[in-house]
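Structure record follows, encoded as structure tokens.
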Amino acid sequence: MSAPQTPSDPRPTPPSVRVAVAALLALGVLLVLSAGLTLVGHQAVVDRFVAAQPDLDRAATTRALLLGQALYLALGSAAAVGGVALLRGRPWGRWLGVGAVLFLGLRTALSTVTTGGTTVFSLLVLVLCIAAVTSLLARSTRDWLPAPASRRRGGPATG
């Protein structure tokens, strides 16, 4: 079993870890950038929603947009933090990444089904989520990370 790379231990990082980190960081940048730009121009976005569907309540639309973008900021930040932590060999980064991308992937898939269509953005998010979760759950990623203290002392295996 290999461990995270240290100066005295030049073992390479497995491809599954590199793919997971790249996908998590890409999702983090994509979501934070998208949410940030939407929040900056949220009045224009609300104007377009209200123009397309005049029966919408402007205040409720604004509130829903701001809450949705806050969620994307939180998920993007969690993905990026998970990616950096994983790269540094922190096992919790793996689980933070799994939680963030599973939630994001399920939310995006549900949104795609309920709206009856997809966008390039949602397809990209889904592909990155699938790449991240499969790489995070790969045996090579698990084996590369340091064992929990209970396994190092000979306790029951947890994983």
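All of the numbers you see were taken from the coordinates with simple rules; none came from a lab. All values reported here derive from a predicted model rather than from experimental measurement. Positions of Cβ are generated from backbone atoms using ideal geometry, with glycine treated the same way; all protein chains shown enter the neighbour counts.
Worth a mention:
- In plain terms, the chain from Ala64 to Val84 could stretch by 4.2 nm, reckoned as 0.36 nm per residue minus the Cα-Cα distance.
- For the stretch 40-97, relative contact order (Cα pairs under 8 Å, six or more residues apart, normalised by length) works out to 22 percent.
- Within the chain, helices built from complete DSSP H runs that reach 30 Å or longer along their own axis (Cα positions) and carry a mean Kyte-Doolittle hydropathy of -1.0 or higher are 15-40, 58-87, 91-115.
- Take the Cα of Ser122, go 7 Å toward its beta carbon, and the backbone nitrogen atoms of the stretch 97-113 under 13 Å from that spot belong to 105-113.
- Anisotropy class of the chain from Cα gyration tensor, a/c 1.5 cut: prolate
- Mean separation of Cα contacts under 8 Å (6+ apart) over length of the chain, as relative contact order %: 34
- Counting beta carbons within 10 Å around each of Phe121, Phe103 and listing the fewest first gives the order Phe121, Phe103.
- The fewest-to-most ranking of Thr61, Thr114 by surrounding Cβ atoms within 10 Å reads Thr114, Thr61.
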